[in-house]
Amino acid sequence: MTETPPPEKSKKLDIVNISLVFIEKVGNKLPDPITLFFYLSVAVIVISAIANLTNLSAVNPTTKETIEAVSLLTPDGIRKIVTKTVSNFVNFPPLGTVLVAMLGVGVAESTGLISALLRQVVLVAPARFITPVIVFCGVMSNIASDAGYVVLTPLAALIFLAYKRHPIAGLAAGFAGVSGGYSANLLISSIDPLLAGITESSAQLINPEYTINPTVNYYFMVVSTFVITLVGWYITDKIVEPRLGKYNGKINSEEMENLTNAEQKGLRWAGYSLLAFVGFLLILILPPEGILRDPETLTIIPSPFFQGIVPIIMLGFIIPGIAYGKGAGTIKSDKDIAEGMTQAMSIMSYYIVLSFFAAQFVAYFSWTNLGIILAINGANLLKATGFTGLPLLISFIIVSSLINLFFASASSKWTMIAPIFVPMLMLVGYSPEFTQMAYRIGDSTTNIITPLMGYFPIIVAFAQRYDKNAGMGTLIATMLPYSLAFFLSWSALFIFWFIFGIPIGPGATIRL
């Protein structure tokens, strides 16, 4: 175990600890997200009646139609609330897409594929590149974030320990990649369809025909993966580890587990099956008249391929997951596959309940026209004050990052603020896809410094294995350099993207 930092070092953390206490106190007073959405739904009903009585309205700049606030505290409104409750829930866009994607992730995770893959990539990395490999694997692990937190983070500490480096520095690098790089990846993960569904619902307040697929931020995500990896590498090796000093614990007290022969065989089988699956997809996409191209225009963007990306993602996990399970011996029968899917759904039980209340809030907000009215009036105010362009967008990223300190759920936050900001920024010329991209930067960069993030206490517990005096203040002080560096570098990349007008994903542009 390492010693407590000397008094003069502890004093430097006073501001951090005071901030931590404040965040923790405010955050603990917030109701559970489920309760919060219930309160918000009730609030929308009451506010809609007040807005209607005061003749709140706005003029649609496109159609010149006057949009008036609609009260839900009327006989028609009450009947609508009662009769549409089930359909609001069933038709909530993110619900089906997330659950379908998680069926595949559940199989890959339950068979051990994700855990083995993370371990294999990290264990074979050259010693001098171990830091960027850990950060990179952390970023990639957000396709199944649970595996990243509970597998990669403690594994990263063990790897640093084996190389006679400070284990908490390794833990920090892993945590930075998993949580701080949550919106970067080379693959489409479950968070992409979730956010896209919420963004689509918000965009349809302005344009009922607007659709958004889960790949709309893909190009930016891919580049972000390498930016976050490089920045995380620099912060770990040049700032975090030197600050921690020499580790005084037992260097050889713990050993990393190498992959067994069965696990290695499973990985080979998974790789072969994934190559076969990708090859089959290419056969359906690449020919000029490919089945998954648009049947009329023969284009890839848009096409059934992107419209069906969620079930494709599901199969992209299920097929290698089954192949791994067969090769590694973790699947004995079809019951094991079903069990993996069932476990994934059980993990999503809280999200399903949350979706019920979030769906009601979104529906009520839409019925009352409050979202459109706020968006139009807000957009008019922005135009009148000249507060547009990069200052507006960077301010939105900052607001998202600050909200994240007190309310850590990415989907819950986006469900609440998207119906206002997506239409508002549409009216000043920015695409919903671009607004979503800006939100994701703010949401990710402060994940690693808020104790309200669900896995934060777990990471503290991992750190206490190497320093019994480590607490939330210790971890937040360790992770703060990552948070600041990620925010600055990601914002710089965002500005670069904006200035040069680079497409942010397949069929997705910055401006409407």
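The values are calculated or read from the model by the stated rules, or taken from the named source; none is laboratory data. It should be emphasised that the depicted structure is a prediction, and the values quoted were computed from it without experimental measurement. As a convention, Cβ positions derive from the backbone with ideal geometry for all residues, glycine included, and neighbour counts pool all protein chains shown. For accessibility, only protein heavy atoms count, side chains too; no ligands or nucleic acids. Shrake-Rupley method; radii C 1.70, N 1.55, O 1.52, S 1.80 Å.
Would you confirm, using the coordinates I've provided, whether residue 379 is of a type in the set (A, V, I, L, M, F, W, C), at pLDDT below 80 and open to solvent by 20 Å² or more (accessible area, probe 1.4 Å)? It is false that residue 379 is of a type in the set (A, V, I, L, M, F, W, C), at pLDDT below 80 and open to solvent by 20 Å² or more (accessible area, probe 1.4 Å). Within the span defined as segment 469-479, one or more residues are of a type in the set (A, V, I, L, M, F, W, C), modelled with pLDDT under 90 and not in a helix (DSSP H, G or I).
Within segment 482-512, how many residues turn out to be out of contact with any Gly (no Cβ under 7 Å at 6 or more places or on another chain), within 24 Å of residue 391 (Cα to Cα) and either open to solvent by less than 20 Å² (accessible area, probe 1.4 Å) or not polar (S, T, N, Q) (or both)? Even if it seems obvious, please write down each step before you answer.
So in segment 482-512, the residues out of contact with any Gly (no Cβ under 7 Å at 6 or more places or on another chain) come out as 484-485, 487-509.
Now drop any that are not within 24 Å of residue 391 (Cα to Cα), which leaves 484-485, 487-505, 508-509.
Now restrict to residues that are either open to solvent by less than 20 Å² (accessible area, probe 1.4 Å) or not polar (S, T, N, Q) (or both): 484-485, 487-488, 490-505, 508.
Matching residues across segment 482-512 total 21.
Just one of the listed residues (355, 400, 333) is under 19 Å from residue 195 (Cβ atoms), modelled with pLDDT of 85 or more and open to solvent by less than 50 Å² (accessible area, probe 1.4 Å), and it is 400. Considering each residue of segment 382-395 in turn, none proves to be open to solvent by less than 10 Å² (accessible area, probe 1.4 Å), within 17 Å of residue 206 (Cβ to Cβ) and out of contact with any Ser or Thr (no Cβ under 6 Å at 6 or more places or on another chain).
For segment 301-318, how many residues meet the condition of being outside any helix (DSSP H, G or I) and touching a residue at least 40 places away in the same chain (Cβ under 8 Å)? Walk me through how you get there before you give the answer.
Keep residues of segment 301-318 that are outside any helix (DSSP H, G or I), which gives 301-303, 308.
Now narrow it down to the ones that are touching a residue at least 40 places away in the same chain (Cβ under 8 Å): 301-302.
Selection size over segment 301-318: 2.
For residue 381, indicate whether it is in contact (Cβ under 8 Å) with a residue 12 or more places away in the chain and part of a helix (DSSP H, G or I). No, not satisfied.
Quick check: anything in segment 260-283 open to solvent by 50 Å² or more (accessible area, probe 1.4 Å), closer than 30 Å to residue 171 by Cα and in a loop (DSSP other than H, G, I, E, B)? Looking for residues that are open to solvent by 50 Å² or more (accessible area, probe 1.4 Å), closer than 30 Å to residue 171 by Cα and in a loop (DSSP other than H, G, I, E, B), one finds at least one in segment 260-283, hence yes.
Select from segment 384-400 the residues that are on the phi > 0 side of the Ramachandran plot and either in contact (Cβ under 8 Å) with a residue 24 or more places away in the chain or in a loop (DSSP other than H, G, I, E, B) (or both) and list them in ascending order. Before you say what the answer is, go through the steps one by one.
Taking segment 384-400 as the starting set, the residues that turn out to be on the phi > 0 side of the Ramachandran plot are 386, 389.
The answer is 386, and nothing else.
Does segment 191-212 include one or more residues that are loosely packed, with under 14 Cβ neighbours inside 10 Å, among the charged types (D, E, K, R) and part of a loop (DSSP other than H, G, I, E, B)? Among the residues of segment 191-212, at least one is loosely packed, with under 14 Cβ neighbours inside 10 Å, among the charged types (D, E, K, R) and part of a loop (DSSP other than H, G, I, E, B), which makes the answer yes. Hey, among the residues in segment 105-115 that are of a type outside the set (S, T, N, Q) and part of a helix (DSSP H, G or I), which one's surrounded by the fewest Cβ atoms within 10 Å (Cβ to Cβ)? Looking at the filtered set, the residue picked out is 109.
All of (1) over 27 Å from residue 155 (Cβ atoms); (2) touching a Pro at 6+ places or on another chain (Cβ under 7 Å) hold for residue 274 with one exception: (1). Determine whether residue 94 is farther than 30 Å from residue 271 by Cβ, at pLDDT below 80 and not in a loop (DSSP other than H, G, I, E, B). In short, yes. Considering each residue of segment 157-166 in turn, none proves to be open to solvent by 30 Å² or more (accessible area, probe 1.4 Å), in a helix (DSSP H, G or I) and without any contact (Cβ under 8 Å) to a residue 12 or more places away in the chain.
Is at least one residue of segment 297-315 under 23 Å from residue 110 (Cβ atoms), open to solvent by 80 Å² or more (accessible area, probe 1.4 Å) and out of contact with any Ser or Thr (no Cβ under 7 Å at 6 or more places or on another chain)? Looking through segment 297-315, none of the residues is under 23 Å from residue 110 (Cβ atoms), open to solvent by 80 Å² or more (accessible area, probe 1.4 Å) and out of contact with any Ser or Thr (no Cβ under 7 Å at 6 or more places or on another chain).
Could you check segment 25-53 and list, in sequence order, the residues that are at pLDDT below 80 and either closer than 19 Å to residue 78 by Cβ or open to solvent by 60 Å² or more (accessible area, probe 1.4 Å) (or both)? I'd like the intermediate steps shown before the answer.
Step one: of segment 25-53, the residues at pLDDT below 80 are 25-33, 36.
Correct list: 25, 28, 29, 30, 32.
Tell me, yes or no, whether segment 421-441 has at least one residue that is small (Gly, Ala, Ser), open to solvent by less than 20 Å² (accessible area, probe 1.4 Å), outside any helix (DSSP H, G or I) and closer than 30 Å to residue 87 by Cα. Yes, segment 421-441 contains at least one residue that is small (Gly, Ala, Ser), open to solvent by less than 20 Å² (accessible area, probe 1.4 Å), outside any helix (DSSP H, G or I) and closer than 30 Å to residue 87 by Cα. Only one of the numbered conditions (1) farther than 20 Å from residue 238 by Cα; (2) open to solvent by 40 Å² or more (accessible area, probe 1.4 Å) is violated by residue 77, and that is (2). Please work out if residue 229 is in contact with a Gly (Cβ under 9 Å, 6 or more places away or on another chain) and assigned to a helix (DSSP H, G or I). Yes; evaluated as a whole, the condition is true for this residue.
Each row is one residue, and each column tells you yes or no for (1) at negative phi; (2) open to solvent by 20 Å² or more (accessible area, probe 1.4 Å); (3) over 21 Å from the mean Cα position of the chain (by Cα).
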position	(1), (2), (3)
55	no, yes, yes
68	yes, yes, yes
86	yes, yes, yes
103	yes, yes, no
